[in-house]
Amino acid sequence: MKRLLFSFIIALLINPILVQGQDSQAGDQSARIMHKKIADSLFVLSHGNTNAVLFIDSDYALMIDAHNEEAGSAAYRYAGRLSPLQPVKFVINTHYHADHTGGNKFFFDSGATIIANMGTYSNLLTSMNEDQIEEAKKQRAELKTALKLEGKTEKGQKLAKLLSQSLLKDLEKDADYPILTFSNNLNWELANETIDIATVSNGHTSEDSYVYFQNKNVIATGDLFFNGSYPFIDLKYGGTIEGYLKNIDALLGLCDDNTIVVPGHGPIASINDLIQYKRMIEYTWKGVSMDFLLNKTLDQVKANKSITAQFDAQGFGKGYMSTSKYVEMLYQEASKKYTKSKK
């Protein structure tokens, strides 16, 4: 069935589209979900060190992220127990990664609408079609080479037609559900809360969203914050270190001493935790950059333990990003930035 991508408009929040479906039974039924109430009607649902947020309004509930496919069905059931009278009608994805979007289908199958910014939707489709895209690029390169050799011959005309057709070919894989998309920012007025959904660029991925609950003074950051561990910056999908730091500044601009900060991964945090997190990234980024400018190899930079020692001692390298992978990522960024500046 052909999936449709709808443009997101505010009117949909007043008269939401409801999609009927049966509760999904797929997924790992044993996945463990833990919850913590952080404010009235606001809960953090955690699976391992990954966080999603459940908000219960007077008429319905909404989720910020949906965990991975393994934990998605468990998160759906857990949300139902916490909010038996107000079903989850919306799931807001902060970015495209599967540990935050894999559970979408369990909520969608029960009538929820999935919401994401345009960049997240694009990244989701591209990531699902990576193999097909790479094969298409290879085929098109071969066709172009053959076309140059054949010129305007009959065979060349056939090759030109094949090349044209390949450029028009649609991606085969689509999401298992429609996604309502929005550009930039979205302000959502509910009965008991005002929610700001902001889009930021070139940080964790090419486009991420964070969600700010104004009345409750709570920010759900998605993966703009890995509390207690080194961040993963998705360089392949438009993430950058310097953009990531700017995105953290945007979060800090909303925080005061009473703000509750829910990271994409790690313990619930405060403004001071976020400040320290930013300082850690700045310190390590500066250290790797300086070594790169001294023409040190990647292995030599990894051997310079002074760059990360104080943070390794706090356990930062025990998350998804080991110290070695984190330093390598910073080195790749330094190479990209400073090699360009020399040209």
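The values are calculated or read from the model by the stated rules, or taken from the named source; none is laboratory data. Owing to the predicted nature of the structure, the values given are computational and were not obtained by experimental measurement. Heads up, the Cβs are rebuilt from the backbone with ideal geometry, glycines too, and the neighbour counts pull from every protein chain shown.
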Please tell me if Thr297 is surrounded by fewer than 18 Cβ atoms within 10 Å (Cβ to Cβ) and at negative phi.
yes
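The rows are residues; the columns are (1) modelled with pLDDT under 95; (2) closer than 29 Å to Asn202 by Cβ; (3) basic (Lys, Arg).
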residue	(1), (2), (3)
Ala52	no, yes, no
Leu62	no, yes, no
Ala66	no, yes, no
Glu69	yes, yes, no
Leu85	yes, no, no
Phe90	no, yes, no
His97	no, yes, no
Phe107	no, yes, no
Ser110	yes, no, no
Which one of the conditions (1) closer than 19 Å to Gly315 by Cα; (2) in contact with a strand residue (DSSP E or B) (Cβ under 8 Å, 6 or more places away or on another chain); (3) not in a helix (DSSP H, G or I) does Asp273 fail to meet, given that it meets all the rest?
(3)
So, in the range 102-123, of the ones that are in contact with a His (Cβ under 8 Å, 6 or more places away or on another chain) and polar (S, T, N, Q), which residue ends up surrounded by the most Cβ atoms within 10 Å (Cβ to Cβ)?
Thr120
In the list Pro267, Pro231, Pro263, which residue meets the criterion of being at pLDDT 95 or above, in the same structural domain as Phe55 (by TED's automatic domain parsing) and more than 15 Å from the chain's Cα centre (by Cα)?
Pro267
Since Lys246 meets every condition but one in (1) assigned by TED's automatic domain parsing to the domain that holds Leu235; (2) part of a helix (DSSP H, G or I); (3) more than 21 Å from the chain's Cα centre (by Cα), which condition does it not meet?
(3)
Residue check, Ile275 within 28 Å of Lys305 (Cβ to Cβ), of a type outside the set (Gly, Ala, Ser) and in contact with a helix residue (DSSP H, G or I) (Cβ under 6 Å, 6 or more places away or on another chain)
no
Residues of the range 223-239 classified as closer than 10 Å to Thr205 by Cβ and of a type in the set (Ser, Thr, Tyr), total:
1
Hey, could you check the range 19-50 for residues that are touching a His at 6+ places or on another chain (Cβ under 9 Å) and exposed (fewer than 13 other Cβ atoms within 10 Å of the Cβ) and say which is modelled with the lowest pLDDT?
Arg32
Name the single residue that is surrounded by the fewest Cβ atoms within 10 Å (Cβ to Cβ) among those in the range 300-343 being in contact with a Ser or Thr (Cβ under 8 Å, 6 or more places away or on another chain) and not in a helix (DSSP H, G or I).
Gly315
